[in-house]
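Since every read-out is calculated from the coordinates, none of them should be taken as a lab result. For clarity, every value in this text was computed on a predicted model and none was experimentally measured. Heads up, the Cβs are rebuilt from the backbone with ideal geometry, glycines too, and the neighbour counts pull from every protein chain shown.
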Amino acid sequence: MSITSNLHKELESLPEGVKLVAVSKFHSVDDIMEAYVAGQRIFGESRVQELIPKHEALPKDIEWHFIGHLQTNKVKYITPFIHTIHSIDSFKLLEEVDKSARQTGRIINILLQIHVAQEENKFGFSEEECLEMLSKGEWKALENVQICGLMGMASFTENTEQIRKEYQSLALFFRKLKSKHFSDCQYFKELSMGMSDDYPIAVEEGSTMVRIGTGIFGTRIA
Ligand SMILES: *Cc1c(COP(=O)(O)O)cnc(C)c1O
């Protein structure tokens, strides 16, 4: 299967209104270009040092999404062009993105990453930490970031009922935050959940954005 036919197959399986982030980490500029020529414009990367040269080499109308763990000292390298950051997991990081975005005169879309999986090694706010941050209200003063929703990763397991439960709890938390903190906010509407192996479940549970890598580009080399 080619990248083009994989992409078309994934797009056909997504309901209207669910955005596809093509996760291109560890894949070459040529592979990304094939997906671009096939019409894809949203790409996701998880490492700053990999994203920078790809951004330089590829067409400028690509909408780049950052989906990996982000260190505060690397923020400044991506704020000049990044469209959405899915992986904000502390107020400190949010502040840093805001500061850096202000210096480049941009407004950056933010998703708060919530830890819903049972595995300890995944990043993200716990629900309590996230609620605490939002209740404090300092984030409202940050004018160069827009909190557009939540991102979460389910456990890496074959147990589809567990995956479903995790996505359900994330969707429930999303609705809770929407009514508690973002009821007047037009742009708080994104729920980024679902990867190659589990996105049909995520979509059933209300995902608005799926992040698919292997299903489009094949197995990663690294
Ligand atoms: C790598 C990655 C994906 C894509 O995973 P696939 O299984 O290749 O679809 C999605 N989200 C995040 C955060 C990732 O790091």
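Counting pairs of Cα atoms in region 84-199, how many percent are more than 20 Å apart?
Value for region 84-199 (Cα pairs over 20 Å): 40 percent.
Add -39500 (n - 2.57) for each DSSP H run of 4 or more in the chain, then divide by its residues: what number comes out at 222 nm, to the nearest 500 deg cm²/dmol?
-11500 deg cm²/dmol
Cβ neighbours within 10 Å, averaged per peptide: list 175-184, 71-80 in order, most packed at the top.
Order by mean packing, descending: 71-80, 175-184.
Distance cut-off 23 Å, Cα to Cα: go down the list Lys19/Lys99; Lys25/Lys74; Lys74/Lys122 and report the pairs above it.
In this structure, Lys19/Lys99 exceed 23 Å between Cα atoms.
Determine the equivalent ellipsoid of the chain by diagonalising the alpha-carbon gyration tensor, then write out the semi-axes as square roots of 5 times the eigenvalues, largest first, rounded to whole Å.
26, 22, 15
Below 17 Å, Cα to Cα, which aspartates and glutamates can Lys178 reach? Residues fewer than 8 away in the same chain don't count.
Glu127, Glu128, Glu129, Glu132, Glu190, Glu205
Would any residue of region 55-94 have its amide N under 20 Å from a label point 7 Å out along Cα→Cβ of Val29? List them or say none.
55-66, 77-83
Stretch Ser13-Lys76 to full length: gain in nm at 0.36 nm per residue minus the Cα-Cα span?
Result for the pair: 19.0 nm of gain on full extension.
Specify, per residue and in Å³, the volume enclosed by the convex hull of the alpha carbon atoms belonging to region 7-55.
So the per-residue hull volume is 80 Å³.
How far apart, in nm, are two points set 7 Å out from the Cα along the Cα-to-Cβ line at Ile52 and at Ser169?
In this crude label model, Ile52 to Ser169 measures out at 3.8 nm.
Based on alpha-carbon atoms only, what is the radius of gyration of region 47-114 relative to the globular estimate 2.2 N^0.38 Å?
Normalised by 2.2 N^0.38 Å, the Cα Rg of region 47-114 equals 1.02.
Give or take rounding to whole Å, what are the principal axis extents of the alpha carbon atoms in region 1-107, in descending order?
Taking the Cα atoms of region 1-107, the three principal extents are 42, 29, 23 Å.
Bin all alpha-carbon pair distances of region 128-184 at 10 Å intervals from 0 and give each bin's fraction as a whole percent.
20, 45, 24, 11, 0
Indicate the gyration tensor shape class of region 31-80 (rounded, prolate or oblate), computed on the Cα atoms with a ≥ b ≥ c the square roots of the eigenvalues: a/c under 1.5 is rounded; otherwise a/b larger than b/c is prolate and the rest oblate.
Prolate is the answer for region 31-80, as a/c is 1.5 or above and a/b outweighs b/c.
Could the peptides 41-47, 114-120 be put in order, highest first, of the mean number of other beta-carbon atoms found within 10 Å of their residues?
Final packing ranking: 41-47, 114-120.
Using Stokes-Einstein with the Kirkwood hydrodynamic radius over Cα pairs, what translational diffusion coefficient do you get for region 163-222 at 20 °C and a viscosity of 1.002 mPa s, in µm²/s rounded to a whole number?
Here the translational diffusion coefficient equals 170 µm²/s.
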